[in-house]
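Below is one structure, written out as structure tokens; the observations come after it.
The values are calculated or read from the model by the stated rules, or taken from the named source; none is laboratory data. Treat the numbers as computed from the prediction; the structure is a model and nothing was measured. Positions of Cβ are generated from backbone atoms using ideal geometry, with glycine treated the same way; all protein chains shown enter the neighbour counts. Heavy atoms of the whole protein, side chains included, go into the accessibility calculation; ligands, DNA and RNA do not. Shrake-Rupley method; radii C 1.70, N 1.55, O 1.52, S 1.80 Å.
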Amino acid sequence: MIPLTHYLIVSGILFSIGLLGLLLRRNLLLVLLSIEIMLNAANLNFIAGSALHGDTGGQVTAFFVMVVAAAEVTIGLAIAVLLFRKQSSVDTREISFLKG
Amino acid sequence: MILTSAWIILGLPLLTAVLISLFLLRSPKAAGILGTAGMLAAFALTCSLIPQYTALQQQGQFVLESSLPWLQAGTLSLDFGVYFNGLSLVMLLVVTGIGTLVFLFSTAYMAGDPGYSRYFACLSFFTFSMLGIVLANNLIQIFIFWELVGLSSYLLIGFWFEKKEACTAAKKAFMTTRVGDAGMILGILGLTGFLAAGNTGSLNFTAVAAALPSLAIPEFWMTLIALGIFLGVVGKSAQVPLHVWLPDAMEGPTPVSALIHAATMVAAGIFLLARVFFIFEASPSALQVIAWTGGITAFLAASLALVQTDIKKILAYSTVSQLGYMVMALGLSNAEAGIFHLTMHAFFKALLFLGAGSLIHAFHSQNIWDMGARVQAEGGRFYLFKAMPFTSFTFLIGTLALMGIPPLSGFYSKEAILAAASHSEAPLFALAMITVFLTAFYNGRLFTLVFLPAKRSSAAHDAHAHPLHEGGPAMVLPLVILAVLSVFGASLPVKEWLAAAPQAAHGAAHHGFDSLAILSLAAAAAGFLLAAGLYFKRTQSLRQSVKVLAAPGKVLDRKYFFDEVYDRVISGGQDKAARYADVLERYAFVEWTVNGLGRITRSLGDQLRRLQTGIVQFYGFVIVVGVTAILYIFMAGRM
């Protein structure tokens, strides 16, 4: 039996990788991938918790997260395609329509 | 029944004013007819009240009142109502009666004026405001109509607003009376305070009169309250030192002057004094101030009339002087004499003004020297009596009545006031007597110069000028009616109507020729004959041949420096204060406070705007930092 701490450490590492990718990557597609990684880090926590307590609630939640993630990626990719069509680039530095 | 009629009388002029200004602005003829008909109806209704009221008087009922609740504020309750007694009846007769004649005269006098309909709308509104004062049953209501009279006089004095002098005069009248009104509202507020302290929430005359004795207001405050209200009277009735607006108000059309001087505006002050006399009675020192103000006004105004060359200004100062008599009578606790003189004065002063209007209509000039020169050229002495017989004879009657020659109406009313004065302090009586002399003198001057100049062949005769003629029946009829009233007015039972309590019939109205009457008659005759003698052959001002008169003449020309002092005070005090206030407002309030706040906000926004980079990852970073910080703060305590 792998102790809970190990799961949490792996999940923490995954989350941090995802977060850094989210904040630092220039490519919009990789930013979306980073978000997926963060979501999966969270999923790992849910599963670990579920196994520890013998409760299926955590697993169910993980499925929900996957569904939401799929939907989110769909929209995210659509936005990426539209942006590419508009300015032939998916560099996040060049997306600054909200500049005040 | 009386009260219903009173409400209708109050409403009629308002109705005509509204109808004219809504529908008849483009049909002057109909406007004139409607206005005159409205006034005539009001006058007829008022006349129908006389027998009803005298019948009630016989049964011992003197006051009728009907009121609608209007405002409730805490314990204070204001009504809107009608208060009817003998005083109201007399004033209603004067206002609607003189009003009808002035309306009739105006239909001819104003013919062809582009503002004809507007004139009648304003005139109706003016009458409505005055009737509101006459019928008001509480202090606040009277104040509201008081202000409406001020407003409508502004509209009428400045009726020919394209003339700069008319605009200035209208403004002056409005502002000067406003000074008095400020005192009046302060007086009313002070009284309200004491009434509230005494648990009287009503400002109705009956309630105030009933509560006043039990309030025990300190002497000092009572005097202050009375003088505050009296200040309103000083403004409206043109007493010294607020008399300066009335002569200037001559810029309005002449029938308006007749209405202002005889029946409406200036009469409002006297009426208010009589209506709330119970307030003044409570303060003997205030009464003394009132009596002296009246006496001084009577004298000063009469002396100013001596040097005027404009026929309307002479009459204006004469009005101020006669108002001084009325105020003096009220100050001497003789309200009856004051109102009696007000009524008689309304007859002969309206007559004189309408007569002056008729002369101006014929001569196209207001200067008495010009008029005299024209008469000299046309045919000399008595020429006017042939050319304009109605105007000339009625003017003569008005002049004699104003001087107080028996048996004309002015004699009886003036005698009553002089009798009251003779029982008071000697200097006051002397002032009143001198004024009788001066009144006769300026009347003699006016009459001699205009009607009796010698024929001079050398005078330039302008053959192209229209011959002098009367102004048509609508102008002659009011003159004749007013002349009849000026002669027989004193036999109207005014004093019986005014009686507020049952009294034994007394024949005081005619007290025969006592020494007082002989004295005043001698003064009047001396004044008139002296003036007639001095001006009989004169073609230029008296001052040019009699050098002694140059200096006092100059003082009178400059109207005792009242206007100059006011100009100085206003330009030195008010204008300067206004300039400082302007600077204060411009910089301290607008520039620094309002605009300053705006600028701070704008520059803050400018700085904060830079935070919005538009780069989503930066927002993400800020969120992460923020969430981390929040988590740290909440978790730190737990670990």
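With θ taken as phi - 60° and the Karplus curve 6.51 cos²θ - 1.76 cosθ + 1.60 applied, the whole-hertz 3J(HN,Hα) list for region B:167-172 is 4, 4, 5, 4, 5, 4 Hz, x standing for glycine and proline.
To the nearest Å, what is the center-to-center distance of region A:12-74 and region B:2-25, using C-alpha atoms only? One Cα centre to the other: 86 Å.
Taking every residue in B:618-627, how many Cβ atoms of other protein chains lie within 10 Å of its Cβ, on average? The partial results should precede the final answer.
Working: counts 4, 1, 5, 4, 0, 1, 3, 0, 0, 0.
For this peptide, the per-residue mean of nearby foreign Cβ atoms is 2.
In terms of accessible area, using a 1.4 Å probe and ignoring ligands and nucleic acids, B:THR391, A:THR61 rank largest first as A:THR61, B:THR391.
The portion of the accessible surface of region A:4-91 made up by carbon and sulfur, rounded to a whole percent, is 75 (1.4 Å probe; DNA, RNA and ligands excluded).
Treat chain B as a sphere of radius equal to its Kirkwood radius over Cα pairs and apply Stokes-Einstein at 10 °C in a medium of 1.306 mPa s; give the translational diffusion coefficient in µm²/s, rounded to a whole number.
Numbers: Rh = 26.9 Å.
It comes out at roughly 59 µm²/s.
Spatially, region B:375-432 and region B:166-219 are offset by 36 Å when compared through their Cα centroids.
Which of the aspartates and glutamates could a cross-linker bridge to A:LYS99, judged by Cα under 18 Å and excluding same-chain residues fewer than eight apart? Cα-Cα hits under 18 Å: A:ASP91, B:ASP606.
For B:LYS495, a cut-off of 12 angstrom between C-alpha atoms picks up these aspartates and glutamates, skipping any fewer than 8 places away in its own chain: B:GLU336.
Among A:66-74, B:278-286, B:20-28, how do they line up from the highest to the lowest mean number of other beta-carbon atoms within 10 Å? Please list the in-between numbers first.
On the way: A:66-74: 12.6, B:278-286: 18.6, B:20-28: 16.1.
Highest to lowest by the protection proxy: B:278-286, B:20-28, A:66-74.
Counting only lysines at least 8 places from B:LYS29 when in the same chain, those with an alpha carbon closer than 26 Å to its own are B:LYS163.
Once you average over the residues of A:90-96, how many Cβ atoms of partner chains fall within 10 Å of each Cβ? If you can, show how the numbers build up before the last one.
On the way: counts 0, 0, 5, 3, 1, 4, 6.
So the per-residue partner count for this stretch is 3.
Hey, for a label at A:LEU52 modelled as a point 7 Å past Cα toward Cβ, could you say which residues of region B:610-639 have their backbone N under 18 Å away? It comes to B:639, nothing else. Peptides B:45-51, B:414-420, B:322-328, B:583-589 ranked from most to least packed by the mean count of surrounding Cβ atoms within 10 Å: B:322-328, B:414-420, B:45-51, B:583-589. Over the protein assembly as shown, accessible surface divided per residue gives 45 Å², non-protein components excluded, 1.4 Å probe.
Heavy atoms only, probe 1.4 Å: what % of the accessible area of region B:197-287 goes to carbon and sulfur, would you let me know? Roughly 65 percent of what the probe reaches on region B:197-287 is carbon or sulfur. Could you tell me which of rounded, prolate or oblate describes region B:312-420, using a ≥ b ≥ c as the square roots of the eigenvalues of the alpha-carbon gyration tensor, with rounded for a/c under 1.5 and, failing that, prolate when a/b is larger than b/c and oblate otherwise? Prolate shape, in that a/c is at least 1.5 and a/b is the bigger ratio.
Partner chain Cβ atoms within 10 Å, averaged over the residues of B:9-16 - can you pull that number for me?
On the way: counts 0, 0, 0, 0, 0, 0, 0, 0.
Mean partner-chain Cβ count within 10 Å for B:9-16: 0.
Across region B:194-211, rounded Karplus estimates of 3J(HN,Hα) from the backbone phi angles (6.51 cos²θ - 1.76 cosθ + 1.60, θ = phi - 60°) give 5, 5, 5, 4, x, 6, 10, x, 9, 9, 4, 4, 4, 5, 5, 4, 6, 7 Hz, Gly and Pro being marked x. Within the protein assembly as shown, the proportion of C-alpha pairs whose separation exceeds 44 Å stands at 42%.
Which helices count as membrane-span-like in chain A under these terms: full DSSP H, at least 15 Å along the axis by C-alpha, Kyte-Doolittle mean of 1.6 or more? If you can, show how the numbers build up before the last one.
Working: long enough: A:4-24 (30 Å, 2.04); A:28-53 (38 Å, 1.57); A:57-87 (44 Å, 1.46).
Within chain A the helices that satisfy the rule are A:4-24.
Label 7 Å along Cα→Cβ of B:PHE161; region B:229-256 residues with amide nitrogen under 16 Å? Of the residues in region B:229-256, B:252-253 have backbone N under 16 Å from the label point off B:PHE161.
Compute the Rg to Rh ratio over region A:4-91 from the alpha carbon atoms, using the Kirkwood formula for Rh, and round to two decimal places. Don't skip to the end; give the middle numbers.
Working: Rg = 15.4 Å, Rh = 14.0 Å.
Rg divided by Rh gives 1.09.
Where only DSSP H runs of four or more residues are counted, chain B gives -23500 deg cm²/dmol as its mean residue ellipticity at 222 nm, each run worth -39500 (n - 2.57).
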